[in-house]
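One structure is given here, and the rest of the page talks about it.
The values are calculated or read from the model by the stated rules, or taken from the named source; none is laboratory data. Nothing here was measured: the structure is a model prediction, and the numbers come from that model. Glycine gets a Cβ as well: all are built from the backbone with ideal geometry, and neighbour counts include every protein chain shown.
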Amino acid sequence: MTAQDWLEQLGFLLVALFTLGSALGVILARRVLHAALWLLPTLFGVAGIFALMGAHALFAMQLIVYVGAIAVLIVFGAMLLEDDARERLPRFLRYRVPIKYEPATRLVMHYYSGMQHVLAGIVGAGMMLAVIIAALAETAWFHQWRPLVTEGPSDFVGDNVRRIGELFLTRYLLPFELASIVLLVALVGAVILARRDADDGTHAFSTGADEPPAETEAAEEAATQ
Amino acid sequence: MTPPPIGLTHYLVVAAILFCMGLFAVITRRHVVAVLLGIELMLNAANINLVAFTRYLGAPALGADPVLNSILGGQVFALMVMCLAACEVAIGLAIVVCLYRNRGLTNADEAADMKW
């Protein structure tokens, strides 16, 4: 085991734990908005995993598309919708603290509510850590222990983005163009679904009978992003 | 005793756990946006699998002409998955917002009627 091997083990362990831990937050958070916010560190962690595997183009696209667009869109959506269904966990996951531990629980909750911003800071710093680990893994400083091409021809370090671009414009040209059409249709469809006509205040699929609360401008913007 | 080097199996295990978490969310949660979140988790797990297979099993099977041969085919597919996920979220949220405006529903169990 060289120093580089240990670094790789450590990096994988950190990123994997970060990803799975925040995914746990996604599925266990009781409020939908919290779950949507937990999705952000999860996506950052997945980006870190991509970077560990040398998929640089995917790392960048994960940050731009998933974190920058999809997760933010979902957060907007969760804010627009009423969070009435404050989710109840399935019965076997619900845990009630026994009454004799009540003071201790209250103490923990007291500190927790004071520590919430600290927790948020840890999560944010963890996301930054995922990005920094990914960046460090490609520096010359790191590669003094690890030659650029080590394990067979699939490890095109530093060449990844160019190769993907070439593949998209040669072998995968048709899927590439089809993807643009699908995106266009999806976005136009989303606008039509979420818009409200200016004149009579109705919108797609409205029966016209019951008019709901007005919060449509933000919805339109969220849908068109 | 040294741990085994990081390989295909490590990434596959992480992806499997992530996928099962997503499946759990889709099955157990009732809020429609939470279900969408579960779907996102599953798509990410699939992406990790695609990239891992490209990284560890890609090149030897495919032979000459490094540019045209799809050594990075899995990564290209992962990008496609991201693109479709963006479409899915845009349409899905539009439908959800529409449903909420018309019926005041955010609970997937209550939105079981196809016609009202």
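Criterion applied to A:Gly45, A:Gly25, A:Gly21 was being under 23 Å from B:Gln75 (Cα atoms), assigned to a helix (DSSP H, G or I) and either more than 7 Å from chain B (Cβ to nearest Cβ) or among the hydroxyl-bearing types (Ser, Thr, Tyr) (or both), and the one residue passing it is A:Gly45. Every test in (1) at the interface with chain B (Cβ under 9 Å from one of its Cβ atoms); (2) over 18 Å from B:His10 (Cα atoms); (3) touching a Phe, Trp or Tyr at 6+ places or on another chain (Cβ under 6 Å) is passed by A:Phe50 save one, and that test is (2). When the residues of the range B:12-37 are filtered to those that are more than 7 Å from every other protein chain (Cβ to nearest Cβ) and touching a Leu at 6+ places or on another chain (Cβ under 8 Å), the one that is modelled with the lowest pLDDT is B:Val32.
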